[in-house]
1. Out of (1) small (Gly, Ala, Ser); (2) without any contact (Cβ under 8 Å) to a residue 12 or more places away in the chain; (3) out of contact with any Ser or Thr (no Cβ under 7 Å at 6 or more places or on another chain), what's the single condition that is false for A:Gly109?
2. Please verify whether B:Glu94 is more than 14 Å from chain A (Cβ to nearest Cβ) and either open to solvent by 10 Å² or more (accessible area, probe 1.4 Å) or assigned to a strand (DSSP E or B) (or both), treating the condition exactly as stated.
3. Answer with yes or no whether B:Ser108 is within 14 Å of another protein chain (Cβ to nearest Cβ) and surrounded by 14 or more Cβ atoms within 10 Å (Cβ to Cβ).
4. Filter region A:80-98 down to residues that are small (Gly, Ala, Ser) and part of a loop (DSSP other than H, G, I, E, B) and give me whichever is farthest from the other protein chains (Cβ to nearest Cβ).
5. I need every pair where a residue in region B:50-72 that is over 17 Å from A:Gly103 (Cβ atoms) has its Cβ under 6 Å from the Cβ of a residue that is hydrophobic (A, V, I, L, M, F, W, C) and part of a strand (DSSP E or B), sequence separation at least 6 or different chains.
6. Here's a check for you: in region B:40-91, which residue that is in a strand (DSSP E or B) and in contact with a Lys or Arg (Cβ under 6 Å, 6 or more places away or on another chain) is farthest from B:Ser30 (Cα to Cα)?
7. Quick one: A:Ala82 ticks every box in (1) surrounded by 17 or more Cβ atoms within 10 Å (Cβ to Cβ); (2) closer than 15 Å to A:Leu112 by Cβ; (3) hydrophobic (A, V, I, L, M, F, W, C) except a single one, so which number is it?
8. Within region B:81-91, can you find the residues that are open to solvent by 30 Å² or more (accessible area, probe 1.4 Å) and within 14 Å of chain A (Cβ to nearest Cβ)?
Amino acid sequence: NAGVTQTPKFRILKIGQSMTLQCTQDMNHNYMYWYRQDPGMGLKLIYYSVGAGITDKGEVPNGYNVSRSTTEDFPLRLELAAPSQTSVYFCASSYKIGGANYGYTFGSGTRLTVV
Amino acid sequence: AQSVTQLDSQVPVFEEAPVELRCNYSSSVSVYLFWYVQYPNQGLQLLLKYLSGSTLVKGINGFEAEFNKSQTSFHLRKPSVHISDTAEYFCALEVGGSYIPTFGRGTSLIVHP
């Protein structure tokens with residue numbers, strides 16, 4: 001059972017380039033999330049999804065886009081990369097039973113540098 | 001709106017000593033509470049969770065936490081730490097009926113030999 005898989009693990013982008021961060025989960029979780037983590041700042045929610053075909057903005061969505069065509073995949077698109085997007089990106093998924101969240105499963109992260 | 005405050009950004013401790021990492025939250029409705037651990041260059045891993053029932057929650061790696069509703073706290077404890085416990089620890093909450101967690105800024109636990 002792979003859990004949440006993120007690719008690539010590392011990437012260097014030039015300013016203005018675009019890329020897609022891939023996220024796949026094999027646990028049949030309905031809920032999926034994208035976070036960025038900057039030193040000393042904790043986790044900031046970029047986008048989230050409550051199921052296939054449904055996405056919504058989080059706290060810091062500017063400069064990013066997402067799609068959720070299947071339950072398993074939740075890619076994050078960066079358009080026109082900027083140095084401010086240098087960060088570590090984490091994808092996570094979760095499930096609920098009777099309204100209670102049983103915790104989040106995180107991927108191992110993508111370390112992105114924009115130069 | 002809900003919030004999570006981790007009162008210490010860094011906690012240094014010697015090996016085999018006890019440790020407490022503090023977490024306070026603010027919410028006007030019922031919450032689910034979590035502690036996560038992040039080892040260097042890895043993702044977050046669930047340590048333990050409080051959903052309902054007993055206020056003392058036991059997790060992996062010998063950690064436990066106590067939910068205190070009157071003090072709106074969910075402090076994490078371990079009676080004897082190891083070098084391998086050196087990591088970043090995050091407290092998180094989710095309001096019942098929501099699906100967006102709120103994370104604290106993290107506490108760096110540094111265990112010295």
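1. Condition not satisfied by A:Gly109: (2).
2. Considered against the rule, which asks whether it is more than 14 Å from chain A (Cβ to nearest Cβ) and either open to solvent by 10 Å² or more (accessible area, probe 1.4 Å) or assigned to a strand (DSSP E or B) (or both), B:Glu94 comes out as no.
3. Considered against the rule, which asks whether it is within 14 Å of another protein chain (Cβ to nearest Cβ) and surrounded by 14 or more Cβ atoms within 10 Å (Cβ to Cβ), B:Ser108 comes out as yes.
4. The extreme case among them is A:Ala82.
5. What qualifies is B:Thr55/B:Phe67; B:Glu66/B:Leu56.
6. Looking at residues that are in a strand (DSSP E or B) and in contact with a Lys or Arg (Cβ under 6 Å, 6 or more places away or on another chain), I get B:Glu64.
7. With (1) surrounded by 17 or more Cβ atoms within 10 Å (Cβ to Cβ); (2) closer than 15 Å to A:Leu112 by Cβ; (3) hydrophobic (A, V, I, L, M, F, W, C) applied to A:Ala82, the lone miss is (1).
8. Passing the criteria: only B:Glu88.
The values are calculated or read from the model by the stated rules, or taken from the named source; none is laboratory data. Values in this document were obtained by computation on a predicted structure and should not be read as measured data. Neighbour counts run over all protein chains shown; Cβ positions are idealised from the backbone, glycine included. Surface accessibility is based on the protein's heavy atoms, side chains included, excluding ligands, DNA and RNA. Shrake-Rupley method; radii C 1.70, N 1.55, O 1.52, S 1.80 Å.
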